[in-house]
Amino acid sequence: MKIEVLFPEMCNLFGDLKSMDYLALCLPEAEFIRTSYSTEPLFVTESPSLIYMGPMSENAQEKVIQKLMPYRERLAELIENGSPFFFTGNAVEILGHYIEKDDGSRLAALDILPIWAKRDMMHRHNSKFVGQYEGNTIVGFKSQFTMAYTDTDIYPLFTVEKGIGLNEKLKYEGIRKNNFFGTYVQGPLLVLNPEFTKNLLTIMGLSNPTLAFEKEVSDAYLALLQDFKDKG
């Protein structure tokens, strides 16, 4: 099993790379390929068991789009064929139509997924999040300068119980197409949500996944969920 972590030297905000550190504890036999910006991604020639990319700065977004644009068709093919992806924070915007900057200009993205984003660099949104995913409650945090928009509702990932969705008017958060998972919810998400992590491991091909420190992460999840509910 190979797991590709894209550009960890750039896509590493909010501690979300810890999701991959935790996954490595859950999968001690797996090979983690941490692809630097200066090298060709593994997915160009292989089909990894998971492709991960985390949140990044706005300047890094522009560089990552430039880096991945030559591989746009390959990424679209992998998503269409059901390869597992996990993109967190503003990484999901890389695959949308475009990113609108504060001055109204548009940064063209890879145009694979039916979303676009709008930046507001004078106002960072921070909130707690509680939502539903296939019968399981998801908890996490959001911290972002952008809101995402879509002209279709066929790809929702989480339904919102507390907090906001892709934007303040939508009641669903994130986007899922086949086995592509993209969400602004951070945490790190895989550490905070053990059942979601098990589901992702199943999609990656494990028939009966077990988690590292399963009792501890389950207890922490229940405590955080109760805390979120107690505080309204």
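Please treat every number below as a calculation from the coordinates, not as lab data. Quick caveat: nothing in here was measured; it's all calculated off a predicted structure. Neighbour counts are summed over all protein chains in view; Cβ atoms, including those assigned to glycine, are modelled from backbone coordinates with ideal geometry.
For a footprinting-style exposure proxy, rank R106, R34, R176 by other Cβ within 10 Å, fewest first.
Numbers: R106 12, R34 15, R176 18.
Going from sparsest to densest Cβ surroundings: R106, R34, R176.
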Test of understanding: express the Cα radius of gyration of the range 9-143 as a ratio to 2.2 N^0.38 Å, with N the residue count. 1.10
Computed label-point distance, nm, for sites R106 and S207 using a 7 Å Cα→Cβ extension: 4.9
Between E168 and E46, what length in nm is gained on full extension when 0.36 nm per residue of separation is reduced by their alpha carbon distance? 40.1 nm
Which listed residue (A117, G96, G174) has the Cα farthest towards the positive end of the charge dipole for the range 2-230, taking +1 on Lys and Arg C-beta and -1 on Asp and Glu C-beta about the Cα centre? A117
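Please arrange M121, M1, M53 by counting, for each residue, the other beta carbons lying within 10 Å of its beta carbon, fewest first. Walk me through the numbers on the way to the answer.
Numbers: M121 10, M1 14, M53 27.
So the ranking, lowest neighbour count to highest, is M121, M1, M53.
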Once the piece of chain linking A223 and T159 is laid out straight, how much longer is it, given 0.36 nm per residue of separation minus the C-alpha distance between them? 20.9 nm
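Would you mind ranking H97, H125 so that the residue whose beta carbon has the fewest other beta carbons within 10 Å leads the list? Walk me through the intermediate numbers first.
Working: H97 20, H125 16.
Fewest-to-most Cβ neighbours within 10 Å comes out as H125, H97.
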Value of relative contact order over the chain, rounded to a whole percent, pairs C-alpha under 8 Å and six or more apart: 18
Hey, any idea what the orientation-averaged projected area of the convex hull of the range 91-223's Cα atoms comes to, in nm²? 8.7
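Please get the size of the charge dipole for the chain, origin at its Cα centre, with Cβ charges of +1 on Lys and Arg and -1 on Asp and Glu, quoted in debye to the nearest 20. Walk me through the intermediate numbers first.
Working: 23 positive and 31 negative charges, 75 e Å.
For the chain, the charge dipole is close to 360 debye.
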If you build the Cα gyration tensor of the chain and take the root of 5 times each eigenvalue, what three semi-axes come out, in whole angstrom, biggest first? 25, 23, 15
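Report the semi-axes of the equivalent ellipsoid for the range 114-180 in whole Å, largest first, where each axis is √(5λ) for an eigenvalue λ of the Cα gyration tensor. Spell out each step's value before the answer.
Working: eigenvalues 74, 50, 16 Å².
After diagonalising the Cα gyration tensor, the semi-axes are 19, 16, 9 Å.
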Could you check the spin-label model distance between E80 and D151? Points 7 Å from the Cα along Cα→Cβ, value in nm. 2.0
At 0.36 nm per residue, minus the direct Cα-Cα distance, what do N59 and H125 gain on full extension? Give it in nm, one decimal, please. 21.9 nm
Taking the dipole of the chain about the Cα centre (Lys, Arg +1; Asp, Glu -1; charges at Cβ), the one of L23, V139, S83 that reaches farthest to the positive side is V139
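How large is the charge dipole for the range 24-111, taken about the Cα centre, if only the Cβ atoms of Lys, Arg (+1) and Asp, Glu (-1) carry charge, to the nearest 20 debye?
On the way: 7 positive and 14 negative charges, 28 e Å.
Dipole size: approximately 140 debye.
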Relative to the Cα centre, what is the charge dipole magnitude of the range 163-221, using +1 at the beta carbon of each Lys and Arg, -1 at the beta carbon of each Asp and Glu, and rounding to the nearest 20 debye? 300
